[in-house]
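Engineer: Structure incoming, see below.
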Amino acid sequence: MNPASQRSESDDVNVTISTGKLAGATGSDGVTMFYGIPFAEPPVGERQFAAPEPRSVWRDVRDARRPGPTPQRRPFSEFSTVPEPSIAGDDTLLVNVATTAPGDLEARMPVLVWIHGGGYFAGSPSSPWYRGDAFARDGIVVVSISYRLGVVGFGDVPGVPANRGVRDWIAALEWVQREIHVFGGDPTRVTIAGQSAGGGAVMTLLGMESQQHLFAQAIAQSPAIGLIEPDTARERGRRVRQIGGFDAERLRRGEVAEAAILDAQKAAMDAEADLASQIDAAFRDDLALGTAFGPVRDGELLAEQTVESLRRGVGGSKPLLIGTTHDEFVMTAWGAQDLLGSADAVDFLVAHGLAPRSARDYAAANELTAAHEALGRMTTDTTFRRPVREVAGIARPGGTWLYDFRWSSPAFGIAMHCIDLPFMWGVADEESARALVGDAPPADLMRTMHDAWVAFIRTGDPGWPRNRSAQPLGMVFDVESRVAPDPYAQARIPAPRREARLSAAPDSEGTEALA
């Protein structure tokens, strides 16, 4: 046995990394889990709003057999499609590792680094879905990382480093480069992957010229592409402090109670959650991030919008697997049905800026009849599908592989946000996924999608042709998965023309019609 690991009769496994010894546990399937491995000092006191600091050495063997504390203190909402536990404690900047070769310094297996979603204010790396057993059994080392959330991770606070959550991602990836060989991983074969906010994290990192050495390829699932503009970040930061009744200096010194920060954060977010704000976000003309908190274009760490960076060729040599679910945020508009009443979809689209011909074509392509349906589809396309299609159209030497997940949840009747996760992780047949995928999810779909991700992590190719910008194509995941031409065609939204619509005749805008 390699001296870097020691197995006891209880199936506990010890490994030694640069900061100390860890005790993990091996399950009956041969996968060894190491939970709660620190990659930085606990972000408490004056460190709460500071850049992450390298972790100091510990003397005793650290128990890594159970999940550690999480930055998430409160769940995303009362109902969450993903089981994501909140675990109390201060030592929250941690990684979890799943491997079948602990201590084998010669294994050099490919590595999957997972960045969880949750709107940049919630989410947990310790979801049972993210353990990674299925990938580990396929010879891949899985690392799930935590990062500071909401105001603490991304809120504007004068006098402290911006984008602290982004700095946490970087610190975790630097840890992977230093330590992953101890777990049988190859630091030159790292795939960064994430979903929703985590997918946005992947795209942010892909667009950072200074961080290309930390990974070899990328997977972005339902990514929230784009950065918050600095003026917006400053105004939201000011509003949070005003609501909470605390100033920046108290935050910098770590003197504000965590509960008070979270209360002010929630109140600020709730103030932007009305119907008018939802409509405005659905019809915005840019790709700026539509969440309350997230990566900020601070002019230093993040100098330009991600899409602009990608167009300049940053990250272009990295293979990219990218896509969305077909209906993403459609359900977020279901609650607006009573408020919008019996308004017609086309009338609603025209009233909010689409040219009449474009509105009719868009409604027809998406089978929209009611205003709330149009709002849900516009929210989905503006937030996810249009930006993904735009990224897929950028010529990249490393290649871009596009997918569209269309299998509908039996419980909700749509291919909603997060429904692809149980299939990708290989847990669609587990109890924790039944509320989302039902009692009999298609096993072939799970095998097809999981195997495609395994192939991409191993080889940089998921098994279907790469996207061609002149003639887009991608994989449609469904009961019968298939390669299809331009699977995002119906998301081709013409830019709203608020002034033109005031004087244009109903049929005079044909040049904007959907192809």
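Engineer: If you scan the range 257-303, which residues turn out to be among the acidic types (D, E), farther than 13 Å from I228 by Cβ and in contact (Cβ under 8 Å) with a residue 40 or more places away in the chain?
Structural biologist: Of the range 257-303, the ones among the acidic types (D, E) are 258, 263, 270, 272, 274, 280, 285-286, 298, 300.
Those still in the list that are farther than 13 Å from I228 by Cβ too: 258, 263, 270, 274, 280, 285, 300.
Answer for the range 257-303, where residues must be among the acidic types (D, E), farther than 13 Å from I228 by Cβ and in contact (Cβ under 8 Å) with a residue 40 or more places away in the chain: E258, D285, E300.
Engineer: Going by the structure shown, is G323 under 21 Å from the mean Cα position of the chain (by Cα), crowded, with 16+ Cβ neighbours inside 10 Å, under 24 Å from M449 (Cβ atoms) and in contact (Cβ under 8 Å) with a residue 24 or more places away in the chain? I'd like the intermediate steps shown before the answer.
Structural biologist: Working: under 21 Å from the mean Cα position of the chain (by Cα): yes; crowded, with 16+ Cβ neighbours inside 10 Å: yes; under 24 Å from M449 (Cβ atoms): yes; in contact (Cβ under 8 Å) with a residue 24 or more places away in the chain: yes.
Judged against the criteria, G323 is a match.
Engineer: Identify the single condition in (1) buried (at least 23 other Cβ atoms within 10 Å of the Cβ); (2) over 30 Å from L421 (Cα atoms) that I261 does not satisfy, given that it satisfies every other one.
Structural biologist: For I261, the failing item is (1).
Engineer: Pairs needed: first member in the range 223-243, on the phi > 0 side of the Ramachandran plot; second member anywhere, among the charged types (D, E, K, R) and not in a helix (DSSP H, G or I); C-beta distance under 8 Å; at least 6 residues apart or different chains.
Structural biologist: G226/D286
Engineer: Then there is this: Would you tally the residues in the range 205-237 being among the charged types (D, E, K, R) and in a loop (DSSP other than H, G, I, E, B)? Step through it out loud before you land on a result.
Structural biologist: Of all residues in the range 205-237, those among the charged types (D, E, K, R) come to 209, 229, 231, 234-236.
Cutting the leftovers down to in a loop (DSSP other than H, G, I, E, B) gives us 229.
So the answer is 1.
Engineer: Quick check, is A172 under 30 Å from E249 (Cβ atoms) and surrounded by fewer than 24 Cβ atoms within 10 Å (Cβ to Cβ)? Reasoning before the result, please.
Structural biologist: On the way: under 30 Å from E249 (Cβ atoms): yes; surrounded by fewer than 24 Cβ atoms within 10 Å (Cβ to Cβ): no.
No; evaluated as a whole, the condition is false for this residue.
Engineer: I would also like to ask the following. Determine whether R189 is surrounded by fewer than 24 Cβ atoms within 10 Å (Cβ to Cβ) and in a helix (DSSP H, G or I). Working first, answer last.
Structural biologist: Details: surrounded by fewer than 24 Cβ atoms within 10 Å (Cβ to Cβ): yes; in a helix (DSSP H, G or I): no.
Judged against the criteria, R189 is not a match.
Engineer: Return the residues of the range 448-472 that are out of contact with any helix residue (DSSP H, G or I) (no Cβ under 9 Å at 6 or more places or on another chain) and at pLDDT 95 or above; say none if nothing qualifies.
Structural biologist: Taking the range 448-472 first, the residues out of contact with any helix residue (DSSP H, G or I) (no Cβ under 9 Å at 6 or more places or on another chain) are 451, 455-456, 458-460, 465-466, 468, 470-471.
Selection gives D451, A455, F456, R458, T459, G460, P465, R466.
Engineer: Being modelled with pLDDT under 95 and either over 18 Å from A303 (Cα atoms) or not acidic (D, E) (or both) is true for just one of T232, T188. Which residue is that?
Structural biologist: On the way: T188 fails: modelled with pLDDT under 95.
Within the list T232, T188, the selection yields T232.
Engineer: Looking at F246, is it of a type in the set (F, W, Y), part of a loop (DSSP other than H, G, I, E, B) and within 28 Å of E390 (Cα to Cα)?
Structural biologist: Numbers: of a type in the set (F, W, Y): yes; part of a loop (DSSP other than H, G, I, E, B): yes; within 28 Å of E390 (Cα to Cα): no.
Judged against the criteria, F246 is not a match.
Engineer: Also: Do you know which residues across the range 297-330 are farther than 19 Å from L214 by Cα, β-branched (V, I, T) and part of a helix (DSSP H, G or I)?
Structural biologist: Those that are farther than 19 Å from L214 by Cα, β-branched (V, I, T) and part of a helix (DSSP H, G or I): V307, V330.
Engineer: Return the residues of the range 240-258 that are among the charged types (D, E, K, R) and crowded, with 17+ Cβ neighbours inside 10 Å; say none if nothing qualifies. So that I can check it myself, show each step before the final result.
Structural biologist: Initially, the range 240-258 is screened for residues among the charged types (D, E, K, R), giving 241, 247, 249-250, 252-253, 255, 258.
Within the range 240-258, R241, R252 qualify.
Engineer: The conditions are (1) within 17 Å of E328 (Cα to Cα); (2) modelled with pLDDT of 95 or more; (3) within 21 Å of the chain's Cα centre (by Cα), and L436 fails exactly one of them. Which is it?
Structural biologist: Every listed condition holds for L436 apart from (2).
Engineer: Let me confirm something: among F348, F329, which residue is more than 30 Å from W401 (Cβ to Cβ) and surrounded by 20 or more Cβ atoms within 10 Å (Cβ to Cβ)? Break it down into steps so the answer makes sense when it comes.
Structural biologist: Numbers: F329 fails: more than 30 Å from W401 (Cβ to Cβ).
Going through F348, F329 in turn, the sole match is F348.
Engineer: What are the pairs, 6+ residues apart or on separate chains, where a residue within the range 465-491 that is more than 21 Å from A455 (Cβ to Cβ) has its Cβ under 6 Å from a residue that is assigned to a strand (DSSP E or B) and not acidic (D, E)?
Structural biologist: These pairs meet every condition: P485/L473.
Engineer: Please state which one of R47, R74, R55, R65 is within 28 Å of the chain's Cα centre (by Cα), over 22 Å from G185 (Cβ atoms) and at pLDDT 95 or above.
Structural biologist: Result of the check over R47, R74, R55, R65: R47.
Engineer: How about the range 439-476: which of its residues are more than 24 Å from the chain's Cα centre (by Cα), assigned to a helix (DSSP H, G or I) and either crowded, with 16+ Cβ neighbours inside 10 Å or acidic (D, E) (or both)?
Structural biologist: Passing the criteria: only D444.
Engineer: Six or more apart or on different chains, Cβ under 7 Å: which pairs go from a residue in the range 47-73 that's within 24 Å of F154 (Cα to Cα) to one that's part of a helix (DSSP H, G or I) and among the β-branched types (V, I, T)? Could you list them?
Structural biologist: Q48/V152; F49/V152
Engineer: Assess whether A374 counts as being crowded, with 19+ Cβ neighbours inside 10 Å, more than 30 Å from D444 (Cα to Cα) and not hydroxyl-bearing (S, T, Y). It would help to see each step written out before you state the result.
Structural biologist: Details: crowded, with 19+ Cβ neighbours inside 10 Å: yes; more than 30 Å from D444 (Cα to Cα): yes; not hydroxyl-bearing (S, T, Y): yes.
Against the criterion (crowded, with 19+ Cβ neighbours inside 10 Å, more than 30 Å from D444 (Cα to Cα) and not hydroxyl-bearing (S, T, Y)), A374 qualifies.
Engineer: Turning to a different aspect of this structure: Does Y130 meet the test of being of a type in the set (S, T, Y), modelled with pLDDT of 95 or more and on the phi > 0 side of the Ramachandran plot? Spell out how you get there, then give the answer.
Structural biologist: Numbers: of a type in the set (S, T, Y): yes; modelled with pLDDT of 95 or more: yes; on the phi > 0 side of the Ramachandran plot: no.
No; evaluated as a whole, the condition is false for this residue.
Engineer: Now, a different point. Out of the range 238-261, which residues are charged (D, E, K, R) and within 12 Å of V157 (Cα to Cα)?
Structural biologist: Answer for the range 238-261, where residues must be charged (D, E, K, R) and within 12 Å of V157 (Cα to Cα): R238, R239, R241, D247, E249, R250, R252, R253.
Engineer: I'd like the residue in the range 88-119 that is of a type in the set (G, A, S) and touching a residue at least 40 places away in the same chain (Cβ under 8 Å) and, out of all such residues, is surrounded by the most Cβ atoms within 10 Å (Cβ to Cβ).
Structural biologist: So in the range 88-119, the residues of a type in the set (G, A, S) come out as 88-89, 98, 101, 103, 107, 117-119.
Keeping just the survivors that are touching a residue at least 40 places away in the same chain (Cβ under 8 Å) gives 98, 101, 103, 107, 117-119.
Values: A98: 27, A101: 21, G103: 23, A107: 18, G117: 25, G118: 21, G119: 20.
By that ranking, first place goes to A98.
The values are calculated or read from the model by the stated rules, or taken from the named source; none is laboratory data. Everything numeric here is computed off the predicted structure, so don't read it as measured data. Every residue, glycine among them, receives a Cβ derived from its backbone with ideal geometry; neighbour counts consider all protein chains shown.
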